[in-house]
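Quick notes on the structure that follows.
The values are calculated or read from the model by the stated rules, or taken from the named source; none is laboratory data. Every value quoted in this text rests on a predicted model; they were computed, and no experiment measured them. Here the Cβ positions follow ideal geometry from the backbone for every residue, glycine too, while neighbour counts run over all protein chains shown. Just so you know, the surface numbers come from the protein's heavy atoms only, side chains and all, with ligands and any DNA or RNA stripped out. Shrake-Rupley method; radii C 1.70, N 1.55, O 1.52, S 1.80 Å.
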Amino acid sequence: MNEIAREILLKYPDETLFQNAVMDFVDSIEEHIEPDILKLLLYPERTIIFRVPWVDRHGRVQVNYGYRVQYNSALGPYKGGLRFDPSVDLDVMKFLAFEQTFKNALTGLGLGGAKGGSDFNPKDKTEMEIMMFCQSFMTELSKHIGSETDIPAGDIGVGKREIGYLFGQYKRLTNSFSPTLTGKNIEHGGALARTEATGYGLVYMVDALLDHHHDSFEDKNVVISGSGNVAIYAALKVNTLGGRVIAMSDRSGYVYKESGLDILAIQKHKESGKKLSEISDPSVRFVFELPIWNVPCDIALPCAHENEVNELHVISLIENGCKVIAEGANRPLTTEAIEEIMKSDITFIPGKAANAGGVVASGIEMRQNAQFEHFSFEHVDRLLEKSMYEIFKDLVDAAESLGERNNYLKAANYLAYKRLETSIKSLGVI
Ligand code: GLU
């Protein structure tokens, strides 16, 4: 293990997600990393932890933890989503903020990296409780963000509804209509296609990869884990490009249909709050006891959550002829799973690059707000597609310059690191 990384990470032995993300990064490009820069990169610039008190529907006081990890601002103001989920703790936040820093660097947008959120679970709450919570959360967070300092967005558990309440409270507290959040509703300056962007962007990047190999999505069987925003819009885009989504999952299990799933029907079903296990269509098979990665496919797109794909899943994908894995979620593959891929001939695109579509669309929203403009859905979609193709082209060039064609993991880490390194050096030790 790299000595500097070991020394720093050993101070926080419980932060395993953060440690794994850092070690995978360091291991992949160790020979290119300067020790002093690594030291700076392994400490978040600022970590904010606060309590979020609120009153529930029974009139009882509840308290959650709130977090914002402002990881690195060498390239621009901090930028990254807010996650409301019971699994949120400091480790999750640091790991996601670390990943976001590199992801944002790859977009070339001039954005630093951050992540925030709370262990609050919006799933079992009333509308009123969610609003109360968001207002209390923002009352503290507002002291630390700003359109030139830190611009949060959504993530798991934080969609347009939550962003609306958060933005409302921010506007009230600061007495300004400052575009300090992205993922806003259209009426408040949100960008069309922001909701679709991460899923669409993922598929655009895979399309760029296929195109690079004179291939396309036509007739490819695709397996997508998850059935939230990223998964659903990725699936819809796969279908548009001529592919066939044969399996999708949620916490209850996975659905499978050899001739291709009806994604719009799944989207409607999930939006009504039901589980995939409750789908009544007799042509769709529901499987709950086996991993979705046992389903033979050409392309696998993990779009659910971190660490959902382990080495056994990868072995099964390889045995069943899968050729491409691209991460729609943030780091859904474990370290061991990535090691298996590196031994195989599967082409792998890490989430840092493959799921950058969300932040690319956030960048478009920021541009739109700065220009007091409203872009059409088609315009945002075209800009998104162009950006994802460009990021992929940068990866191809970086992989070639490293003499490791097709190693997009190394290419992504190297490219993001180099952009950060150049900026960190010129800013001095700050
Ligand atoms: N949460 C998203 C991500 O993981 C979006 C971040 C943003 O738009 O700032 O990239």
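Quick one: Leu209 ticks every box in (1) part of a loop (DSSP other than H, G, I, E, B); (2) touching a Ser or Thr at 6+ places or on another chain (Cβ under 7 Å); (3) open to solvent by less than 50 Å² (accessible area, probe 1.4 Å) except a single one, so which number is it?
Condition not satisfied by Leu209: (1).
Considering only region 399-430, how many residues are within 22 Å of the chain's Cα centre (by Cα) and open to solvent by less than 60 Å² (accessible area, probe 1.4 Å)?
Selection size over region 399-430: 12.
If we scan region 294-306, do we find a residue that is modelled with pLDDT of 95 or more, open to solvent by less than 20 Å² (accessible area, probe 1.4 Å), assigned to a helix (DSSP H, G or I) and not hydroxyl-bearing (Ser, Thr, Tyr)? Walk me through it before giving the result.
Taking region 294-306 and keeping what is modelled with pLDDT of 95 or more, we get 294-304.
Remaining after also requiring open to solvent by less than 20 Å² (accessible area, probe 1.4 Å): 295, 297, 299-303.
Filter once more, so that each one left must be assigned to a helix (DSSP H, G or I): none.
The answer is no; no qualifying residue exists.
Is it the case that region 392-411 has a residue that's under 19 Å from Lys79 (Cα atoms) and not charged (D, E, K, R)?
Initial filter on region 392-411 (under 19 Å from Lys79 (Cα atoms)): none.
Among the residues of region 392-411, not one is under 19 Å from Lys79 (Cα atoms) and not charged (D, E, K, R), which makes the answer no.
When you go through Leu82, Leu111, Leu106, Leu96 one by one, which is the residue that is in a loop (DSSP other than H, G, I, E, B), within 12 Å of the ligand (Cβ to nearest atom) and either over 18 Å from Thr182 (Cα atoms) or among the aliphatic types (A, V, I, L, M) (or both)?
Leu111
Among the listed residues Leu264, Leu290, Leu317, which satisfies the condition of being modelled with pLDDT of 95 or more, over 24 Å from Arg83 (Cα atoms) and either open to solvent by 30 Å² or more (accessible area, probe 1.4 Å) or in a loop (DSSP other than H, G, I, E, B) (or both)?
Leu264
Restricting to region 120-151, name every residue that is more than 22 Å from the chain's Cα centre (by Cα) and among the hydroxyl-bearing types (Ser, Thr, Tyr).
Thr126, Ser136, Thr139, Ser142
Given (1) at positive phi; (2) without any contact (Cβ under 8 Å) to a residue 40 or more places away in the chain, where does Gly117 come up short, assuming only one miss?
(2)
Take the conditions among the charged types (D, E, K, R), over 11 Å from Ala416 (Cβ atoms), more than 9 Å from the ligand (Cβ to nearest atom) and in contact with a helix residue (DSSP H, G or I) (Cβ under 7 Å, 6 or more places away or on another chain) and apply them to Asp91. Does it pass? Even if it seems obvious, please write down each step before you answer.
Working: among the charged types (D, E, K, R): yes; over 11 Å from Ala416 (Cβ atoms): yes; more than 9 Å from the ligand (Cβ to nearest atom): yes; in contact with a helix residue (DSSP H, G or I) (Cβ under 7 Å, 6 or more places away or on another chain): yes.
Yes.
Any residue that is open to solvent by 20 Å² or more (accessible area, probe 1.4 Å), in contact with a helix residue (DSSP H, G or I) (Cβ under 9 Å, 6 or more places away or on another chain) and either within 13 Å of the ligand (Cβ to nearest atom) or outside any loop (DSSP other than H, G, I, E, B) (or both) - is there at least one of those in region 52-60?
Among the residues of region 52-60, at least one is open to solvent by 20 Å² or more (accessible area, probe 1.4 Å), in contact with a helix residue (DSSP H, G or I) (Cβ under 9 Å, 6 or more places away or on another chain) and either within 13 Å of the ligand (Cβ to nearest atom) or outside any loop (DSSP other than H, G, I, E, B) (or both), which makes the answer yes.
Which one of these is at pLDDT below 95 and more than 13 Å from the ligand (Cβ to nearest atom): Glu385, Glu373?
Going through Glu385, Glu373 in turn, the sole match is Glu373.
Within region 8-19, does at least one residue satisfy the condition of being open to solvent by 30 Å² or more (accessible area, probe 1.4 Å), part of a helix (DSSP H, G or I) and in contact with a Pro (Cβ under 9 Å, 6 or more places away or on another chain)?
Checking region 8-19: at least one residue is open to solvent by 30 Å² or more (accessible area, probe 1.4 Å), part of a helix (DSSP H, G or I) and in contact with a Pro (Cβ under 9 Å, 6 or more places away or on another chain).
Return only the number of the condition from (1) within 14 Å of the ligand (Cβ to nearest atom); (2) free of Cβ contacts under 8 Å to residues at least 40 places away in the same chain; (3) closer than 22 Å to Phe25 by Cβ that Arg405 does not satisfy.
(1)
Go through region 165-196 and give me each residue that's within 24 Å of Glu140 (Cβ to Cβ) and among the aliphatic types (A, V, I, L, M).
Leu166, Leu173, Leu181 - these are the residues of region 165-196 that are within 24 Å of Glu140 (Cβ to Cβ) and among the aliphatic types (A, V, I, L, M).
Please specify each residue of region 216-258 satisfying the condition of being in a strand (DSSP E or B) and either aromatic (Phe, Trp, Tyr) or free of Cβ contacts under 8 Å to residues at least 24 places away in the same chain (or both).
Val245, Tyr254, Tyr256
Pull up region 124-153, narrow it to residues that are over 20 Å from Val63 (Cα atoms) and open to solvent by less than 20 Å² (accessible area, probe 1.4 Å), then point me to the one that is farthest from the ligand (Cβ to nearest atom).
Looking at residues that are over 20 Å from Val63 (Cα atoms) and open to solvent by less than 20 Å² (accessible area, probe 1.4 Å), I get Gly146.
If I go through region 170-196 residue by residue, how many of them are in contact (Cβ under 8 Å) with a residue 40 or more places away in the chain, in a helix (DSSP H, G or I) and within 12 Å of the ligand (Cβ to nearest atom)?
Total satisfying the criteria: 1.
Between a residue in region 153-169 that is part of a helix (DSSP H, G or I) and hydrophobic (A, V, I, L, M, F, W, C) and any residue that is open to solvent by 40 Å² or more (accessible area, probe 1.4 Å) and more than 10 Å from the ligand (Cβ to nearest atom), which pairs come within a Cβ distance under 7 Å, given they are 6 or more apart or on different chains?
If the second residue must be open to solvent by 40 Å² or more (accessible area, probe 1.4 Å) and more than 10 Å from the ligand (Cβ to nearest atom), the pairs left are Phe167/His188.
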